[in-house]
Structure formats: C-alpha cells, structure tokens
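Okay, so here's the structure we're looking at.
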Amino acid sequence: MGRQGFAHTSLKQIAQEVGIAPALIHYYFKNKEQLLVAVIEDIDLQFRDIWRSRFRGTPDPMERMLVGVEQIATLYRERPEFWSLQFDLIALSRSNPALREPTSRLVNNFIESVQQEAEALKDILPASDFSVIPTEDQAALTAATNFGILFIWILTGRDPLPVLRTWLILLLSALSLGDVLAGKEPPLQHIMALLQRFHEIEPYRGPP
C-alpha cells in the first residue's frame with residue numbers, strides 16, 4: 001500500500017507480498033480500510049515509543065526540540081510509506097464515516113504526545129510570557145505544521161527536510177526569545193550546533 005497507494009493495492013496483492021493466503025487477512029480484517037488503519041496505528045505507536053525513549057535523559061529544552069523534529073525527519077527518510085498511508089487515510093475519512101473515528105484518534109494521539117512534551121518543557125523552562133499559551137494549543141499548532149508538511153510533500157513532491165529545518169529554527173528561536181526577555185544572552189552557538197546536527201541528516205530520497 002505504501003508503494004502503490006491504497007487505491008491501487010488489493011488484499012490479494014498484500015497477501016502475495018507477505019507470503020500468506022488472502023483468507024488469513026480476511027480472517028483478521030473485514031476490508032482493506034481496516035488493514036490500513038491497523039498498519040498506520042502500528043507504525044504510529046512505534047514512532048511515539050521511539051520519540052519518548054529519546055526524550056528520556058535529555059534535560060536540555062533545545063536538545064529536546066531537535067530530537068522531536070529529527071525523529072519526524074528520520075521517519076520521512078526511512079519510512080516514507082507511513083506518511084503516504086496517513087494521507088490516504090485522511091483523504092478517505094472525508095467520504096467514509098467508518099474511517100473518521102480512527103483518523104481522529106490518530107491525530108489526537110499525536111497532539112496528546114506533543115502536549116505531554118510541552119508540559120515537560122514547561123516544568124524545565126523558567127516562567128515567561130509563553131507560559132500563558134495553553135500546552136494544548138501549542139500541541140495543536142505542532143500537529144497542524146506536521147500534517148501541513150505532509151500535504152505539501154504528497155501534493156507537490158517537495159523535499160520535507162528543508163521545511164522541517166525551518167520549523168526547527170522557529171522552535172529554537174522561540175525558546176531563545178525567553179532568554180532575551182529575561183535579559184540573558186541567547187545561546188547562539190548552541191543553536192548553531194544543533195542546526196548543524198540536523199543539517200547533517202542523511203539526504204531525503206523522495207516519496208515512495
């Protein structure tokens with residue numbers, strides 16, 4: 001499904017790909033839509049588990065920002081079919097009521113994960129004017145950015161890595177603004193070092 005797209009892949013083709021009888025797939029999944037949801041939810045769970053594990057033991061807020069965006073970039077590079085299937089699921093949910101709930105759950109799971117990270121950062125960072133922005137709104141904005149990058153990638157084929165790099169710059173700038181408002185020097189060298197690490201990510205190979 002990731003290579004050919006949801007519409008151009010049959011359950012029979014999937015069964016042949018993995019070397020099992022089509023009847024076995026039908027035993028667990030009533031239709032192709034259910035299989036699509038299961039595949040995306042499994043990859044999404046793996047992604048969020050890796051994301052959380054990488055945050056552990058990383059107290060530096062800017063480092064945590066890098067880790068979050070870097071993990072999304074890694075998924076684009078190593079598992080582009082995940083994003084392609086997400087787009088298919090979102091598009092199908094518009095006309096298929098049975099897919100709206102799992103699609104909404106997927107988006108809300110992402111928002112909740114980001115909100116948890118925002119809450120953790122709030123406990124690390126000094127109080128500032130940014131504290132008045134609800135973490136739920138911060139998470140929703142992050143989700144909107146993430147899915148917006150996905151749509152641009154699918155519809156135009158544009159490399160997502162430069163856009164993700166720009167997003168990282170904005171996130172790090174927002175954090176450094178807190179230092180400026182507190183009368184401190186922004187950690188410019190630290191920011192440049194983090195951006196350089198992101199710049200060294202293996203080049204994107206294009207959509208599946």
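Do we have ILE72 as free of Cβ contacts under 8 Å to residues at least 40 places away in the same chain and either among the hydrophobic types (A, V, I, L, M, F, W, C) or surrounded by fewer than 18 Cβ atoms within 10 Å (Cβ to Cβ) (or both) here? Spell out how you get there, then give the answer.
Numbers: free of Cβ contacts under 8 Å to residues at least 40 places away in the same chain: no; either among the hydrophobic types (A, V, I, L, M, F, W, C) or surrounded by fewer than 18 Cβ atoms within 10 Å (Cβ to Cβ) (or both): yes.
Judged against the criteria, ILE72 is not a match.
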How many of the residues in the range 141-167 are exposed (fewer than 14 other Cβ atoms within 10 Å of the Cβ) and hydroxyl-bearing (Ser, Thr, Tyr)?
2
Output the qualifying pairs, or none if there are none: Cβ atoms under 7 angstrom, residues six or more apart or on different chains, first residue in the range 20-45 and in contact (Cβ under 8 Å) with a residue 60 or more places away in the chain and closer than 14 Å to ILE90 by Cα, second residue among the polar types (S, T, N, Q) and not in a helix (DSSP H, G or I).
GLU33/ASN96
Which count do you get for residues in the range 159-207 that are among the aromatic types (Phe, Trp, Tyr) and either modelled with pLDDT of 80 or more or within 21 Å of LEU141 (Cα to Cα) (or both)?
2
Please tell me if GLN34 is surrounded by 11 or more Cβ atoms within 10 Å (Cβ to Cβ) and modelled with pLDDT under 80.
no
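Conditions (1) acidic (Asp, Glu); (2) farther than 20 Å from GLU78 by Cα; (3) modelled with pLDDT of 90 or more, marked per residue:
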{"position": "ASN96", "(1), (2), (3)": "no, yes, no"}
{"position": "ASN108", "(1), (2), (3)": "no, yes, yes"}
{"position": "ALA118", "(1), (2), (3)": "no, yes, no"}
{"position": "GLY157", "(1), (2), (3)": "no, no, no"}
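The values are calculated or read from the model by the stated rules, or taken from the named source; none is laboratory data. Worth saying up front: this structure is predicted, and the values here are computed from it rather than measured. Counting neighbours? That spans all protein chains shown, and the Cβs are built from the backbone with ideal geometry, glycine included.
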